[in-house]
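Reading through the structure tokens given below for one structure.
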Amino acid sequence: MKQRLHRIYPADTGRWARPGHWLLIGLLLLTLSLPAAAARQGEVRLVLDVSGSMKGNDPGNLRANGVRLLVELLPAQLRAGLWTFGDRVANPLPLANVDEQWRQRALAVLPRLTDYQQFTDIERALREAARADGAGPVHVILLTDGMVDIPAAGSSKQAHDAASRRRILERLAPRLAERGVIVDTIALSRNADIPLLRRLAQQTGGLASVAETPEALLRSFLDVLGRVVPRQEVPLDQGRFAIDDRVDSFTALLFHDSDDPAVSLTTPRGETLTRNSAGVRWRHDERFDLITVPSPAEGRWQVNGAIGPGSRILIDSALQLAGAPLPATLYQHFAVPLEAWLEGPGSEEDAIRITAELRQQGTLLDRASLTRDDEGHFHGQLEPGDASGNARLQLVARGETFTRLRQQSVDIAPAISASLADDQSAIALQAAFGRLDHHNTTLTATLQGEALPVDTPAPQRWQVALPAQLPDVSVPVALSARVQLDGETRTIALPPVQLNASSAVGVSGARFDREAPDAQSLANDDEAEAADEDTGWSFQQLWSRAQAQWPQLQRRLTAYTGAPWWAVVIAASGLVWLVLLMRRRRRRRQRHRRREPHL
């Protein structure tokens, strides 16, 4: 049963011309082609990491010819600019109103965008891009695949990096929030400093998105764009979508692989539309097709061909599904309230129904049917449970003759964040969910069954003191919060903090938060083998460690799979792995003992 805490959220030309190189930048501003949307948006400032690692994490250069798409789609008078950063920050496309001269300048800077650099100075990039105040709402969209890595010499580099990271969170982010600057972050790969990007987005009201593959990067940019400029949609289901008589035009954004056959559209009258059809604006790229159909025929349309994840049908219509603003971040175990209504002709129909869903990678996390009040507004709530990471929130309104869809990406995060001191002397915790403080929230911390002291240095901060002598192996500190809010009392399990996280094997046995090791990483040299002899491995020790971590592992596996029996299956597999590991280490120690001394 879900535990709910209900709440009210107060190169040269040849290089950039290769297919796919700057695709994503254009997609970020896809829907900015409407003047009304531009007026609502204010400014968009793209801040792009050009450190050398970007070539490895985006080998197909999927950021490519999207710059030309951007130049084509940006509406006149919208203010936009582009910054790049590595060890230095450049502004090859200054912030300015979009006009013909600006478009020419944008094309002229393209060869400079492949000037990869060595470091990743995120702090300086943010300061430079956000230096000037905006005429309206300002969205800074930060894309990076790394961590804070600033130029510094000698042994002090690590300290310089840590200091820069602290300044971003403790000084820069609060100042940006005070100025109304929203920072949306996109982490390309899990190698990025995801905790930093998440907290930066949370503090400024932006969306934190993770793209683990270059292909997923396309969808991450669109997710951010959906928050910058929300668009009306109609559902796309197995290549089919319905257009009603209130739709003035639609734009089909269809993702596909580079080697997929060409797509086409079939109209309700049975006609087939292709790239060469008259009256249709069809822009084709190796990764997507963008098809705009004005005054479309009423009825059911069909997409013929492969359709990738993230494809959607954007519409222009006087009948719109409106709603109260939704937060970019949802917090585990706390419900988010929903309010939606229809505006325009047909909004007074009695048979209107509005439903809401929260999904993560296709898995349904929660669903609700909204209730209509006397003023025609619909209310309900969704709760993410203990899921974590990016998810999609959808609102669908259905009437007798129409359907409208609003969707946006959200980030699901723990309600209380935790960080371990570098010297492992204490754990600092802070309420990420703003309604929690020491008056309504009591924290409990245990290490191997023993309770640890918890202090409250500030209303929304806690500190767990760790013993001076810690186990040599990796062990988790279990954390929980007892919350009394809105007349309800609940106990919430927080993500544990791992001590000695760099230890090869710990209480948790297999490390499920990392990629499986390859054969070379499993092979140790003679010194490592000799050190292994002193670790005292035994089946009983492995079993006790697995037992200590089992509740946390079961909770995570259940959340990912939706079925507790999966946890049992994986636990059995883990037990087999532990036994094999023990035997392997014994054999290696035996081989080590048989070696003769070198003369």
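The values are calculated or read from the model by the stated rules, or taken from the named source; none is laboratory data. On a predicted model such as this, the values are computed, not experimentally measured, just so you know. FYI the Cβ positions are ideal-geometry reconstructions off the backbone, even for glycines, and counts take in every protein chain you see. These accessible areas exclude ligands, DNA and RNA; they are computed on the full protein's heavy atoms, side chains included. Shrake-Rupley method; radii C 1.70, N 1.55, O 1.52, S 1.80 Å.
Each 5 Å bin from 0 upward holds the following percent of the Cα-Cα pairs of the stretch 319-413: 3, 14, 27, 23, 15, 11, 6, 2, 0. With each label modelled as a point 7 angstrom along the Cα→C-beta vector, the GLU212-ARG103 pair spans 4.0 nm.
The charge dipole of the stretch 43-228, taken about its Cα centre with unit charges on the Cβ atoms of Lys, Arg (+1), Asp and Glu (-1) only, comes to about 320 debye.
About its Cα centre, the stretch 220-367 has a charge dipole of approximately 240 debye under the convention of +1 per Lys or Arg Cβ and -1 per Asp or Glu Cβ, with nothing else charged.
Solvent-accessible surface of the stretch 163-239, averaged per residue with a 1.4 angstrom probe and all protein chains in place: 38 square angstrom. Across the alpha-carbon atoms of the stretch 230-317, the computed radius of gyration and Dmax are 11.9, 36 angstrom. Within the accessible surface of the stretch 230-317, defined with a 1.4 Å probe on protein heavy atoms only, the carbon and sulfur portion equals 41 percent. In the stretch 416-499, Rg over Rh equals 0.97, where Rg is the alpha-carbon radius of gyration and Rh the Kirkwood radius from pairwise Cα distances. What the pair-distance distribution of the stretch 43-228 shows, using all Cα-Cα distances binned every 5 Å from zero, is 1, 8, 17, 21, 22, 16, 9, 3, 1, 0, 0 percent.
Close amide-amide hydrogen proximity is noted between ILE412 and LEU330, GLY389, ASN390, ALA391, each under 5 Å apart and 5 or more residues distant or on a separate chain (H modeled in the peptide plane; Pro and chain starts excluded).
Reported value for the stretch 251-298: 74 Å³ per residue, from the convex hull of its C-alpha atoms.
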